[in-house]
1. I'd like the full set of residues that are open to solvent by 10 Å² or more (accessible area, probe 1.4 Å) and more than 12 Å from the chain's Cα centre (by Cα), limited to segment 107-126.
2. Within segment 20-30, is there a residue that is within 20 Å of ASP87 (Cβ to Cβ) and touching a helix residue (DSSP H, G or I) at 6+ places or on another chain (Cβ under 9 Å)?
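The values are calculated or read from the model by the stated rules, or taken from the named source; none is laboratory data. Worth saying up front: this structure is predicted, and the values here are computed from it rather than measured. Positions of Cβ are backbone-derived with ideal geometry, glycine not excepted, and every protein chain shown enters the neighbour counts. Protein only, heavy atoms only, side chains kept; ligands, DNA and RNA dropped before computing areas. Shrake-Rupley method; radii C 1.70, N 1.55, O 1.52, S 1.80 Å.
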Amino acid sequence: MKTELAKEGEISGTFSLILYGSRHIEDVETVAILDKEGDGYTFEPFAPEFNYKIMKNVPAKEAFKTAIEFVSWHSSFRRVQLSRIFDYKGNTLGYELRPLYFPLTFGVSETIEVDYWAKGNKVIVRIKLLPSVEEKLRGGVTKDQD
């Protein structure tokens, strides 16, 4: 699966809205995914169910608005980045809204890496903090030093 930057006007139809993260005050491992309904694919986060929630049959405008509200809560939030998620044939399967932060807070604007891969009729989604951001959130202590 691939992604490319998109514009809000491209989003139409009905979606399953996946809201991942926002579990605690410094949780910047946060992203919203609009899974286009009726395309034969279902997005599935590679994570425990308590890390995300899914809202089904959400109209495009409502899904987009809810997604922005979900990813923009952090005090260092700067803006949202919207990307189109598509398969190898160019078919749009959904959209990703990720928060971008002021670089002074975490050293970078993007704090997460998101990977998508197809497994049958599922699109598996792996969301992970960038190592530099994880280290900064842990006070400069790496996992090996714990």
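1. GLY107, VAL108, SER109, TRP117, ALA118, LYS119, GLY120, ASN121, LYS122, ILE124
2. From segment 20-30, those within 20 Å of ASP87 (Cβ to Cβ) are none; that's our starting set.
Checked against the condition, which is being within 20 Å of ASP87 (Cβ to Cβ) and touching a helix residue (DSSP H, G or I) at 6+ places or on another chain (Cβ under 9 Å), segment 20-30 yields no hits at all.
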